[in-house]
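See below for the structure under consideration.
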Amino acid sequence: MVPAIAVADELRESGAEVSFLGTREKAEADLVPAAGYEIDFLNVHGIDRRNPLRAARAGLEALGAVGAVRSVLRRRRVDAVMGAGGYVAAPAGMAAILGRRPLVLTEADSHLGLANRLLAGRARRVCLAFPIEGREGGRYLVTGRPVPAAVPAADRGAARARFGIGAEERALLVVGGSLGARSVNFAALEAFAEREGRDFRVLHVAGRRDHAALRERLDAAPHAEGYELIAYEPNLGDVLAASDLILGRSGGSVFEFTAVGRPAVLVPYPHATADHQRLNASWMERAGAATIVDDGALDPAALLAEVGGILGDPGRLERMSAASRGLAKPRAAREIADQVLEAAAR
């Protein structure tokens, strides 16, 4: 939803009226109104591939929601529809096609999701975050993944002052999403909580699920100076700006990392659909902007050696930072917005 809001901001800046479709149970119910946009809610759920009955029910819900979307499109006099993934993407795209409204799709990962695979052949344009083999030319356009303007705009000096990090100190950011990546969370705490053997600061955005357990362990550590544990950080720009290296998963947030030129030690989620997190991580690794650690090989001592080796080698750190900056796509939101405006004009 965050990339979609970034595109919406660009569309609004161009004079377009923008509204959203979403579900009440997902993050958009809070994020969209907070960003100043109206939202219409649908009763749809994700497809659980492990449970055929639930999957069938979700498919029927999606089909039933098509009529509701068509009513919204007529009521709001919509000229174009942008699919941003999520549960509502399939019924929204189908309603656009049935109503002969132009459809622009966006894909945040290194493979096409189910809804995008179903709809791509009827879309005016499919905007890809990553190059995808077999999806080149024609209607496909590699734009990168939109990043909120506040991320690259964050001030490093102010962010470091907020967290009490000195100008000459190195800082590691551990991050795994709003809930948190459990294996990364606990391996990081075990690797870095003890000040002995660590000559860098740690900012750890743990997510709400694991925060209490991690807090208890950190409080029991005898030498945990310089380790800042945070449950949730709404302003990702600040923690990124304050850091020199990132340890975390490799979802779509890798584009936030590149937007500020931060290298990373990436731990792909092993159960991600089509193993797309490993593909995302490999994209950064091939450019020299990241190293990859398997989730099943998260050994605290090895993790400390890997992170310490990068932060302790200024030349290597700068080379990886430069490689990360080279992957950034600062105009992604603007390019996608232009595609939507062009589709609407046609």
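No lab work stands behind these numbers, since they all come straight from the coordinates. For clarity, every value in this text was computed on a predicted model and none was experimentally measured. Positions of Cβ are backbone-derived with ideal geometry, glycine not excepted, and every protein chain shown enters the neighbour counts.
Observations, loosely collected:
- Inter-site label distance for residue 122 and residue 319 at 7 Å from Cα along Cβ, in nm: 5.0 nm
- Low-density loop cleavage sites - trypsin sites (Lys or Arg not before Pro) in region 75-120, where at most 15 other Cβ are within 10 Å (DSSP): 76, 77, 100
- CD proxy at 222 nm, helix term only [per DSSP H run n ≥ 4: -39500 (n - 2.57); per residue of the chain; nearest 500]: -14000 deg cm²/dmol
- Among residues other than residue 288 with Cβ under 12 Å from its Cβ, the summed charge is +2 (Lys and Arg +1, Asp and Glu -1).
- Neighbour net charge for residue 85 - beta-carbon separation under 14 angstrom, K R +1, D E -1: 0
- Estimated at 0.36 nm per residue, the fully extended path between residue 75 and residue 225 surpasses their Cα-Cα distance by 48.3 nm.
- Charges were assigned to the Cβ only: +1 to each Lys and Arg, -1 to each Asp and Glu. The resulting dipole of region 150-327 about its Cα centre is roughly 440 debye.
- Once both labels are positioned 7 Å from their Cα atoms along Cα-to-Cβ, the gap between residue 24 and residue 273 label points is 2.5 nm.
- Using the Cβ-Cβ distance between residue 153 and residue 57 with R0 set to 51 Å, the FRET efficiency works out to roughly 0.70.
- Stretch in the chain that is longest and holds no GluC sites (Glu not before Pro) that DSSP places in a loop and that have at most 16 other beta carbons within 10 Å: 226-346
- Rounded to 5, the percent of DSSP beta bridges in region 150-327 classed as antiparallel: 0 percent
- Computed over neighbours whose Cβ is under 15 Å from that of residue 159, the net charge equals -1, Lys and Arg +1, Asp and Glu -1.
- Note on residue 232/residue 292: beta-carbon distance plugged into 1/(1 + (r/R0)^6) with R0 of 22 Å gives a FRET efficiency of 0.25.
- Label-point separation in nm, residue 213 to residue 139, each point 7 Å along Cα→Cβ: 4.5 nm
- Assuming charge only on the beta carbon of Lys and Arg (+1) and of Asp and Glu (-1), the dipole of region 219-273 about its Cα centre is about 320 debye to the nearest 20.
- Whole-number D in µm² s⁻¹ for region 150-327, Kirkwood Cα-pair radius fed into Stokes-Einstein, 10 °C, 1.306 mPa s: 99 µm²/s
- Listed by number, the DSSP H helices of the chain that run 24 Å or longer by alpha-carbon position along their axis and have mean Kyte hydropathy of at least 0.0 are 52-75.
- Among 203, 90, 252 the positive-end extreme of the charge dipole of the chain (Cβ point charges): 90
- Debye log10 I(q)/I(0) at q = 0.12 Å⁻¹ for the chain, Cα point scatterers: -0.89
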